[in-house]
Amino acid sequence: MHLKALTLRGFKSFASATTLRFEPGITCVVGPNGSGKSNVVDALSWVMGEQGAKSLRGGKMEDVIFAGTTGRPPLGRAEVSLTIDNSDGALPIEYAEVTITRIMFRNGGSEYQINGDTCRLLDIQELLSDSGIGREMHVIVGQGQLDSVLHADPMGRRAFIEEAAGVLKHRKRKEKALRKLDAMQANLARVQDLTDELRRQLKPLGRQAAVARRAAVIQADLRDARLRLLADDLVRLREALKAEVADEAALKERKEAAERELRKALQREALLEDEVRQLTPRLQRAQQTWYELSQLAERVRGTISLADARVKSATSAPPRNGAAATPRTWSARPPASASRRPSWKRPWRRPNAPWRTRSRTAPSWSVP
Ligand code: ATP
C-alpha cells in the first residue's frame, strides 16, 4: 500500500492548502516542537474516518478546523484528501489511483468523497478495511502508543498481534454477523408472535369476511333495485315531459290564434275609431239639426195650442151683430198620422240617445 499524497486545507495549523507528496520508501517530517508534525498524522487518521476527538488530540471535533492566529481569521471548514496508489489493486475499486476526501464545516456538517463522488463514511471504511489500513488498524502509531504496546499484558498483546495480523477485520465481521443474527433471531421471534396472533384472529376474521361478502351482495342487490326504480322514474318523467311539450305546443297555438284575433280586433277597433272620428262632425250636425227641429216642434205645438184656444173662444162667444156663427171646420192640430209617427222615427224620443240629456233652451222668439 503506497500513499502518494496528502492535501490539507483548513485542517488544524494548515490554514492554506498544503500538499505533501510521498515518494516510495521512507518519508520523514522534520520540524521543531509545535510546528505541526503530529497534525499531519492526525490528518491521516481523520481522512480515514477517525471519529474520536480525543484520538485527534482535541476536545471536540470542530477543533480540527483552523482556529485562526493573530494574523489570520479562523476558517469555516477543514478539508483533507489522501491519494492512494491502487495500481496493484489492493483496494477493491476499479481505479489505479484513489483519492478519499473528508470535509467538515464549523456548523457540524460533514462530507465524504471517493474520487470526487460523495459517499458515506461506511463506504470509506469498507474500502480501506480490506487493505489493512483504516481507523481501527494499528498502522498509525502515535506518540506514547509504542510505550503501551511494550507494557501491554498478555491479553492486550494478543489483541495487538491479532490486529497486526489482520484478524481484527474478521473478528469485527464475526461480531457484526453475530449482531445481525441476534437481530434476525429477535425478528424471527416477533414474526412468530405475529403469526400466532394472526392465527388467533383468523377465525373471527373469516366470519367477518363472510359477513362482508354477504353485505357486498346485498349492497349490489340494493344498487340494482335503486337503479331499476330510477329507470322507471326516468321513463315516466320522459312521458310526462312529452305530454307537457305537446300541451305547451297546443297552448302556444291557442295563444297565437288569440293573438291573431286580438290583432284583428285591434285593427277593427282602429277602423271603427277612424269611422267614429269621420262621423263625429256628421253627428254634431245631426244633433244641431235635431235641436233646431225640436225648437221648431215646440213652436209648432205652441202655435197649435194658441190656435185651439182661439177656436174655442170663437165658438163659445155669442155672435155679434146678428151674424150667425159659422162653425169652423178646420183644425189647427196636425194630422193624426203625424202624431202617430213611430217612435224610432223620432230621434229626439229615442232612449239612450246621447243628446237626450242636453237641456233645451226656450226659443228666443214667440209665436204671435
Ligand atoms: P511536538 O513535536 O511537540 O509534538 P508537533 O510538531 O507535533 O509538536 P503539533 O502538535 O502537530 O506540533 O502542532 C501543534 C500546533 O498546532 C500548535 O502550535 C497549535 O497551535 C497548532 N494547532 C493545533 N490545532 C489548531 C487549530 N485548530 N488551529 C490552529 N492551529 C492549531
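Could you say which residue among V29, V80, V64 is of a type in the set (V, I, T) and either more than 29 Å from E126 (Cβ to Cβ) or free of Cβ contacts under 8 Å to residues at least 24 places away in the same chain (or both)?
Numbers: V80 fails: either more than 29 Å from E126 (Cβ to Cβ) or free of Cβ contacts under 8 Å to residues at least 24 places away in the same chain (or both); V64 fails: either more than 29 Å from E126 (Cβ to Cβ) or free of Cβ contacts under 8 Å to residues at least 24 places away in the same chain (or both).
None of the others qualify; the one that does is V29.
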Residue in the stretch 19-29 that is hydroxyl-bearing (S, T, Y), over 60 Å from the mean Cα position of the chain (by Cα), closer than 26 Å to M61 by Cβ and more than 7 Å from the ligand (Cβ to nearest atom) present: yes
Within the stretch 31-55, considering residues that are part of a loop (DSSP other than H, G, I, E, B) and in contact with a Lys or Arg (Cβ under 8 Å, 6 or more places away or on another chain), the one farthest from the ligand (Cβ to nearest atom): G49
The stretch 56-81, residues that are at pLDDT below 95 and away from the ligand (no atom under 14 Å from the Cβ): none
Sole exception among (1) outside any loop (DSSP other than H, G, I, E, B); (2) at pLDDT below 85; (3) in contact with a Ser or Thr (Cβ under 6 Å, 6 or more places away or on another chain); (4) not acidic (D, E) for F160, by number: (3)
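Check the stretch 95-104 and report whether any residue there is within 16 Å of the ligand (Cβ to nearest atom) and among the polar types (S, T, N, Q).
Here is the first cut: in the stretch 95-104, the ones within 16 Å of the ligand (Cβ to nearest atom) are 102-104.
Next, only the ones that are among the polar types (S, T, N, Q) stay: none.
There is no residue in the stretch 95-104 that is within 16 Å of the ligand (Cβ to nearest atom) and among the polar types (S, T, N, Q).
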Total residues in the stretch 1-26, condition free of Cβ contacts under 8 Å to residues at least 60 places away in the same chain, in contact with a Ser or Thr (Cβ under 9 Å, 6 or more places away or on another chain) and among the polar types (S, T, N, Q): 3
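Could you pull out the residue among I103, I84 that is modelled with pLDDT under 95, part of a strand (DSSP E or B) and surrounded by 14 or more Cβ atoms within 10 Å (Cβ to Cβ)? Spell out the reasoning first.
Values: I103 fails: modelled with pLDDT under 95.
Result: I84 is the single residue among I103, I84 that is modelled with pLDDT under 95, part of a strand (DSSP E or B) and surrounded by 14 or more Cβ atoms within 10 Å (Cβ to Cβ).
The values are calculated or read from the model by the stated rules, or taken from the named source; none is laboratory data. Nothing here was measured: the structure is a model prediction, and the numbers come from that model. We place every Cβ from the backbone using ideal geometry, glycine too, and count neighbours over all the protein chains shown.
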